[in-house]
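The values are calculated or read from the model by the stated rules, or taken from the named source; none is laboratory data. Quantities reported herein were computed from a predicted structural model and do not represent experimental measurements. Cβ: placed from backbone, ideal geometry, glycine included. Neighbour counts: every protein chain shown. Surface areas here come from the heavy atoms of the whole protein model, side chains and all, with no ligands, DNA or RNA. Shrake-Rupley method; radii C 1.70, N 1.55, O 1.52, S 1.80 Å.
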Amino acid sequence: MELYLVRHTTPDIAKGICYGNSDIAVAPHSFAAELEAVRNKLAGLEPLAIPGSVIYSSPMQRCIKLADELASSLNLSAPLQDARLMELDFGDWELRSWDDIPRAAFDTWAHDHVDQAPPNGESFYALHQRATAF
């Protein structure tokens, strides 16, 4: 089995904002160019032409928009959405400026981000378990 991992394009959110599993649209000014760059990188990859090739996507709009466009251009079925592919849940930090997150809380998390979760969020270990289950 061949597996290609593609990250979403630039999200439509200001720089310096913490986001993980918040459902943010793609940046309209850069989407077309970034889509074309991904298409060019995938061009000519034989496994994508094999019948039964599938695209899986997080259900987040910034992910599914790219997945839909790629599936269409590769003549594949609509992407299969799976919530286990969503990004890290930053909990109470979602959509806050990184500068507004108390430094002590951030440092505690950063010191052990694998096992420590942001307040009401998830740890990287939990994210790993979720993605592994996928």
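List of remarks:
- Ordering ALA110, PHE90, ALA133 by the projection of their Cα atoms onto the charge dipole of the chain, which places +1 on the Cβ of Lys and Arg and -1 on the Cβ of Asp and Glu, puts ALA133 at the extreme positive end.
- Rolling a 1.4 Å probe over the protein heavy atoms of segment 1-133, with every protein chain left in place, gives an accessible area that is 55 percent carbon and sulfur.
- Assuming charge only on the beta carbon of Lys and Arg (+1) and of Asp and Glu (-1), the dipole of the chain about its Cα centre is about 300 debye to the nearest 20.
- Applying a DSSP loop filter and a limit of 16 other Cβ atoms within 10 Å to the GluC sites (Glu not before Pro) in segment 1-82 leaves GLU2.
- Taking amide H positions as modeled 1.01 Å from N, with prolines and chain starts lacking one, the residues under 5 Å from SER57 and 5 or more places away or on another chain are LEU80, GLN81, ASP82.
- Mean-square fluctuations from a GNM of the chain, with a 10 angstrom spring cutoff on Cα atoms, peak among PHE31, PHE90, PHE106 at PHE106.
- For trypsin sites (Lys or Arg not before Pro), no site in segment 25-97 is both called loop by DSSP and has at most 10 other Cβ atoms within 10 Å.
- Taking the Cα atoms of segment 1-105, the ratio Rg/Rh between the radius of gyration and the Kirkwood radius comes to 1.04.
- Heavy-atom surface of the chain, accessible at 1.4 Å and reported per residue (Å²): 63
- Charged-residue dipole, Cβ positions (Lys, Arg, Asp, Glu), segment 61-134 about Cα centre, Debye nearest 20: 240
- Residues whose amide H comes within less than 5 Å of that of LEU95, counting only those at least five positions distant or on another chain, are CYS18, TYR19, GLY20 (H built at 1.01 Å from N in the peptide plane).
- The 3J(HN,Hα) values that the Karplus relation (6.51, -1.76, 1.60; θ = phi - 60°) gives for segment 10-23 are, in residue order, 4, x, 8, 8, 5, 4, x, 9, 6, 9, x, 9, 6, 8 Hz. Gly and Pro appear as x.
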